[in-house]
Amino acid sequence: MMKLLSTAAAAAILLGHAASAAPLVSFDVAEDHTRFVFAPAPVHDDGLPAYGNPFVTQGYIYEAGTLDGGVEGVNPDGSPVFPDKVIGTWTCDGTYVADGGHTTNGTIIISSQVFQFDGGDMIVTEGSELADYNVAMPRLITGGLGDYAGVEGVMYQTNLGMSEGFGVRAQFEIENAGDYAKLEDEN
């Protein structure tokens, strides 16, 4: 019976959100290359971050599909290419692992990411990031505010490649929109 109620609640929530501001289950991020900062050491001989180098960066959260097909999301000056489609700010901090900035496949970074949406909703995740393109990598959802308060589970990050300004372009998707049913059951 609880599963039936959860399924019905999830459907009602998702349908109800279609008419109002829905908590997003997928969106894109374009890193603002002008906001990427890493420590002066350790670095490789060519200046790229080496294993153990910490960093912080920020970018723009866009509606899902905005960056499909290799579309750039950040202008050379760091401003958003599509300001009318920006729905929030992404902040990421972490540490380079493997061969640092020379890593070409597998895990390149261990990071924390904060997705701050314009309406005040927030998602916080922890996990690994891949150097590989177009491979979904799970990240643990560790917290949230607003519509994402109490949501547990996994968010998948797919690296779409680097922008011309050497900023990451990525797509994110929460594994199970049914997680919203848990929130309704608790109320």
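Rule-based calculations on the coordinates, nothing more; no lab input. These numbers come from a predicted model, not from an experiment. Using ideal geometry, Cβ is built from the backbone for each residue, glycine included, and neighbour counts are taken over all protein chains shown.
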(message) From Cα pairs below 8 angstrom and at least 6 apart in sequence, can you work out the relative contact order of the stretch 86-161, rounded to a whole percent?
(response) 24 percent
(message) Using a 7 Å offset from the Cα along the Cα-to-Cβ direction at both residue 68 and residue 46, what is the distance between the two label points in nm, to one decimal?
(response) 3.4 nm
(message) I'd like the Kirkwood hydrodynamic radius of the stretch 63-131, using the inverse of the mean 1/r over distinct C-alpha pairs, in Å.
(response) 14.0 Å
(message) Let me test this: with uniform point scatterers at the alpha carbons of the stretch 25-181, what is the Debye-based log₁₀ I(q)/I(0) at q = 0.20 1/Å?
(response) -1.34
(request) Report the label-to-label distance for residue 105 and residue 75 in nanometres (one decimal), using points 7 Å from each Cα along the Cα→Cβ vector. (result) 3.9 nm
